[in-house]
Amino acid sequence: MQADAQGMFHFRAVPPGDYKLLAWDDVSRDELENPTVVNRFDSQATAITLAASGTIAASVKLAQ
């Protein structure tokens, strides 16, 4: 998913649960689908918990 001009993005119809958010300035689809690549950035992820029918706002730093 790409952010808009203000760096914002929205997900809809996401099931409740625990998630990790990561942001990159430039990444290919192949890299996103490669667990080895994604796992290298796990420590930089922003962890969130989404409740049923909930909304959440989070700040995510670019992965380096």
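Only the coordinates and a few stated rules stand behind these numbers; no lab work does. Here the structure is a predicted model, which is why all the values come from computation and not from measurement. Ideal geometry is used to build each Cβ from the backbone, glycine not excepted, and the neighbour counts take in all protein chains shown.
Between Ala47, Ala23, Ala13, where does the largest GNM mean-square fluctuation fall for the chain, given springs only between Cα atoms within less than 10 Å? Highest fluctuation of the listed residues: Ala13.
A dipole drawn for the chain from +1 and -1 charges on Cβ atoms has a positive end, and of Ala3, Gln44, Gly54 the residue lying farthest that way is Gly54.
Give the relative contact order (percent, whole number) for the chain; include only Cα pairs under 8 Å separated by 6+ residues. Numbers along the way, then the final one.
Details: 62 pairs, mean separation 27.0, N = 64.
Relative contact order, the chain: 42 percent.
State whether segment 1-47 is rounded, prolate or oblate according to the following rule on the C-alpha gyration tensor (a ≥ b ≥ c being the square roots of its eigenvalues): a/c under 1.5 gives rounded; otherwise a/b larger than b/c gives prolate, and the remaining case gives oblate. In terms of gyration-tensor shape, oblate.
Under the rule of -39500 (n - 2.57) per DSSP H run of 4 or more residues, summed and divided by the residues of the chain, what mean residue ellipticity at 222 nm is obtained, to the nearest 500 deg cm²/dmol? Could the numbers behind the result be given before it?
Working: 2 runs with 9 residues, N = 64.
That comes out to -2500 deg cm²/dmol.
When only the Cβ of Lys, Arg, Asp and Glu is charged (+1, +1, -1, -1), the dipole of the chain relative to its Cα centre reaches about 220 debye. Per-residue Karplus couplings for segment 46-54, computed as 6.51 cos²θ - 1.76 cosθ + 1.60 with θ equal to phi - 60°, are listed in order as 9, 7, 9, 10, 9, 7, 4, 6, x Hz, Gly and Pro entered as x.
Just to confirm the filter: which chymotrypsin sites (Phe, Trp or Tyr not before Pro) across the chain are DSSP coil and have at most 16 other Cβ within 10 angstrom of their Cβ? Taking the chain and a limit of 16 other Cβ atoms within 10 Å, the loop chymotrypsin sites (Phe, Trp or Tyr not before Pro) found are Phe9, Phe11, Trp24, Phe41.
Electrostatic bookkeeping for Pro35 treats Lys and Arg as +1 and Asp and Glu as -1; over the other residues with beta carbon under 15 Å from its beta carbon, the sum is -1.
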